[in-house]
Amino acid sequence: MHHEIVDILSVQHFMIFFFLGVYWKKKYRAALFLGIFWEILEYLMITNEPTRSFILDNWFVPEKYIHDTLKHSITDIIINMIGYHIGNLIIPT
């Protein structure tokens, strides 16, 4: 487990929600719900031993990024919403 508040996967959170914001406008509540839902799903997957073992055996992300602290999960949700808001400001061509 790592204890950094922001890590390389935070960039991934930002980019996913940025692109959601570009193409899925003015759905802030839905984006927030999606971010919270994802963090809960991450927690449930990693605390279930068979799922955790499968993820550790098959996922390319190092184990130190797998189990987040509550503080890190909250930070991810904030980063999601920042990405979503900035994406909302972009007009796709």
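The values are calculated or read from the model by the stated rules, or taken from the named source; none is laboratory data. In this text, all values refer to a predicted model and were calculated from it rather than measured experimentally. Neighbour counts run over all protein chains shown; Cβ positions are idealised from the backbone, glycine included. When the accessible area is computed, the model is the full protein with side chains, heavy atoms only, and any ligands, DNA or RNA have been set aside. Shrake-Rupley method; radii C 1.70, N 1.55, O 1.52, S 1.80 Å.
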Residue pairs within 6 Å by beta carbon, gap of at least six or interchain, first lying in segment 44-66 and in contact (Cβ under 8 Å) with a residue 40 or more places away in the chain, second part of a helix (DSSP H, G or I) and surrounded by 10 or more Cβ atoms within 10 Å (Cβ to Cβ), listed first then second, are TYR65/LEU9; ILE66/ILE46
Going by the conditions given, is HIS13 open to solvent by less than 50 Å² (accessible area, probe 1.4 Å) and touching a helix residue (DSSP H, G or I) at 6+ places or on another chain (Cβ under 6 Å)? yes
Exception for ILE77 within (1) open to solvent by 100 Å² or more (accessible area, probe 1.4 Å); (2) under 24 Å from GLU4 (Cβ atoms) falls at (1)
Of the residues in segment 33-73 that are open to solvent by 100 Å² or more (accessible area, probe 1.4 Å) and not in a helix (DSSP H, G or I), the one that is modelled with the lowest pLDDT is PHE60
